[in-house]
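Take a look at the structure below.
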Amino acid sequence: MNDPIPFFWDGAYHIFFQHNPNGAFWGAMHWGHALSRDLVRWQPQPLALTPQPGGVDQDGCFTGCVVERDGRFYLFYTGIPQLEPLTQAQCLAVSDDLISWTKDAANPLIKRPAAKIGACFRDPHVWREGQRWRMIVGSEQPDDRGGAALLFASDDMRTWRYEDVLCLGDAAQTGFEFECPDFFALGDRWALLTSRGRPAVEGTHWQVGRYDGRRFTPEQIGRVDGGACYAAKTLLDAAGRRILFGWIQERRPVEEQRAAGWSGALSLPRVLTLLPDRSLGIAPAPELAALRGPRWSYAGVTLGGADGETLLLLDGVAGDALELLIRFRPGGAMQYGALVRCSADGSVRTEVVYDRRTQRLGNAALTLAADEPLTLRIYLDRSIVEAFANDRACLTLRSYPPDDGCVHVGVFARDGEVTVESIEVWQLRPPDA
Ligand code: FRU
């Protein structure tokens, strides 16, 4: 899988996603579908969209969104008539049950980008606004200046007119293009999520700001995740929770992905909130506690005190499916954090590290107040590590250790002292156990 497209309806969480049924590599983009009622157990559903030979989407059904109107479901996606050179057009499919989809005979509904914009023109996101419908399509400004979200409007969901640029991005902050845009009200502000895949600013970015019905003016900006999580989008559930899902990317060679028979995974559900300073809060959904099995807890310990590293591997606990909850008291260490998938001597390891100098967790900014403790909540599921810090920063890592002995976990400090106040570890059980 790559990009998830989350949608909530009638007590069920739906994840549509970019999918290639031909193998564990990118190509022939279909829409896959999975469903959950508890955010923990997911059931595979039939393919939702298949490229149609000779059709406007013959070379792929790219990312988009699903919305509901009067009990019917409207799926907007980017049809790819031609991959090389890339041609993109916005299309519609309709369903009464979210399972079987009929493509609109008038596809594509929006053929080509408005004048004066760059090549990227994909991943429509649609929302209701009063009596009419709005759409943004992810695009870019010329000369690699940055992303652009193009705003369209419609009364009937089939005829769309171009209105304006909702928002322009700065390449240095949010990358060259706006892929997979998502746009929603959050508290007393609006949030725009966009993704960009070239190095340097790779990832999904959030911007929080004001929306006046035509323009979005960002006030704050940051990264949804400081690591291997991309193309993240959200749904709104019945409890009013804005829940984000991302595509957890591989960090191993393509040949190994093909050999493994799978590539890419869905992130854990992450609940977004607007914090008092109008930045983005992000925390794992509480439903995940249903996965907890046996628990271990450890007394506090002080690590370090000198130059170099102090490492403590935990006694009695080992595994590759664990939840860790670790509280660090503010201390002098320059770097500290947790280790998972460690060899018995600690030489092979995956580090979730907070860097006090750069104030970062991976590539995600995390500024701690002088007396603020660091709370790390880490979910380890074999090669996938999803770490949450103080309910406002996320870091996804991939771990491919060389052998099955790499199942130890621990804490560490470098260049200074830090006190670990408490450590709790749960073994995670498969959801159906
Ligand atoms: C993001 C993306 C989207 C596109 C899709 C194709 O990962 O490049 O922009 O619609 O993947 O699979």
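The values are calculated or read from the model by the stated rules, or taken from the named source; none is laboratory data. Keep in mind that what you see is a predicted model, and the values were worked out from it rather than measured. Note that each Cβ is placed from the backbone with ideal geometry, even for glycine, and that neighbours are counted across all protein chains shown.
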Review point. Which one is modelled with the lowest pLDDT among residues in the stretch 190-199 that are within 16 Å of the ligand (Cβ to nearest atom) and assigned to a strand (DSSP E or B)?
Key: R196
Practice item. With respect to V94, determine if the residue is among the hydrophobic types (A, V, I, L, M, F, W, C) and either on the phi > 0 side of the Ramachandran plot or touching a residue at least 40 places away in the same chain (Cβ under 8 Å) (or both). Key: no
Exercise for review: Could you pull out the residue among G169, G222, G187 that is touching a residue at least 24 places away in the same chain (Cβ under 8 Å), within 15 Å of the ligand (Cβ to nearest atom), of a type in the set (G, A, S) and over 20 Å from F16 (Cα atoms)?
Suggested key: G169
Practice item. Give the stretch 98-126 a look and list any residue that's loosely packed, with under 15 Cβ neighbours inside 10 Å and within 26 Å of the chain's Cα centre (by Cα), or say none. Key: I99, A119
Review point. Out of curiosity, is G337 closer than 21 Å to L397 by Cα, in contact with a strand residue (DSSP E or B) (Cβ under 6 Å, 6 or more places away or on another chain), at pLDDT 95 or above and not hydroxyl-bearing (S, T, Y)?
Key: yes
Revision key, fill the gap. The one condition C180 fails out of (1) modelled with pLDDT under 95; (2) assigned to a strand (DSSP E or B) is (1)
Check your understanding: All but one of (1) assigned to a strand (DSSP E or B); (2) within 12 Å of the ligand (Cβ to nearest atom) hold for A93; which doesn't?
Key -> (2)
Check your understanding: Would you pick out the residues in the stretch 392-415 that are over 17 Å from G246 (Cβ atoms) and among the charged types (D, E, K, R)?
Key -> D403, D404, R414, D415
Review point. Of the residues that make up the stretch 79-88, is at least one farther than 27 Å from T174 by Cβ, within 26 Å of the chain's Cα centre (by Cα), within 16 Å of the ligand (Cβ to nearest atom) and outside any strand (DSSP E or B)?
Key: no
Revision key, fill the gap. Taking the stretch 89-122 and keeping only residues that are at pLDDT below 95 and in contact with a Phe, Trp or Tyr (Cβ under 6 Å, 6 or more places away or on another chain), one is left with P113, A114
Point to revise | Filtered residues of the stretch 17-58 (kept if closer than 22 Å to E179 by Cβ and more than 16 Å from the ligand (Cβ to nearest atom)) | key: A34
Review point. What number of residues within the stretch 17-66 satisfy the criterion of being among the aromatic types (F, W, Y), in a strand (DSSP E or B) and farther than 27 Å from A290 by Cβ?
Key: 2
**Study point:** Contacts under 9 angstrom Cβ, first residue in the stretch 25-38 being closer than 16 Å to W262 by Cα and modelled with pLDDT of 95 or more, partner within 15 Å of the ligand (Cβ to nearest atom) and acidic (D, E), 6 or more apart
**Key:** A28/D59; M29/D57; M29/D59
Review point. Can you find a residue in the stretch 336-343 that is aliphatic (A, V, I, L, M), out of contact with any Pro (no Cβ under 9 Å at 6 or more places or on another chain), part of a loop (DSSP other than H, G, I, E, B) and surrounded by 15 or more Cβ atoms within 10 Å (Cβ to Cβ)?
Key: no
Practice item. Tell me, yes or no, whether the stretch 1-16 has at least one residue that is among the aliphatic types (A, V, I, L, M), within 15 Å of the ligand (Cβ to nearest atom) and assigned to a loop (DSSP other than H, G, I, E, B). Key: yes
Check your understanding: Quick check: is even one residue across the stretch 200-207 outside any loop (DSSP other than H, G, I, E, B), within 21 Å of Q88 (Cα to Cα) and within 16 Å of the ligand (Cβ to nearest atom)?
Key -> no
